[in-house]
Each structure stands twice: as C-alpha cells, then as structure tokens.
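Below is one structure, written out as structure tokens, with a few remarks after it.
Rule-based calculations on the coordinates, nothing more; no lab input. Remember, it's a predicted structure, so these values are computed and weren't measured experimentally. No Cβ is skipped: glycine too gets one built from the backbone with ideal geometry, and neighbour counts run over all protein chains shown.
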Amino acid sequence: MSVVVNAMALVMYLNNDPSFELSSSLVFVALMVIVSVGYFFILRGYGKRKLNP
C-alpha cells in the first residue's frame with residue numbers, strides 16, 4: 001500500500017499538482033523504508049538454518 005501512495009505522490013509531483021506536499025510525501029517514504037527494512041530482516045531470519053548441538 002505504501003508503494004501505491006508513493007507512486008501517487010510521484011505522479012502528482014510530475015504533473016505539478018498544486019495539492020502536492022513534499023512534507024507529507026516524505027512521511028510516507030520514511031514509513032515505506034521502515035517497513036521494507038523490517039520485512040528484509042524477517043526474511044533474512046527465516047533463511048538461516050539453526051543446528052542443534
């Protein structure tokens with residue numbers, strides 16, 4: 001969902017939409033980065049095999 005919001009903000013910026021606000025767009029970019037990094041760490045944790053001693 002955050003990808004869609006950021007894509008909409010990019011299209012608004014490219015079309016010089018007067019309702020485009022950089023500050024609100026940066027908030028959603030930051031949220032997308034946080035979620036993406038968390039998702040990456042979760043996937044990385046599942047990929048490791050744990051050996052029993």
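Counting only Cα atoms, the size of the chain along its three principal axes is 63, 16, 13 Å, in decreasing order. Where only DSSP H runs of four or more residues are counted, the chain gives -25000 deg cm²/dmol as its mean residue ellipticity at 222 nm, each run worth -39500 (n - 2.57). With the simple spin-label model, which puts each label point 7 Å out from Cα in the Cβ direction, the PHE40 to VAL5 separation comes to 2.0 nm. So what's the angle, to the nearest 10 degrees on a 0 to 90 scale, between helix 22-47 and the longest Cα principal axis of the chain? Roughly 20 degrees, rounded to the nearest 10.
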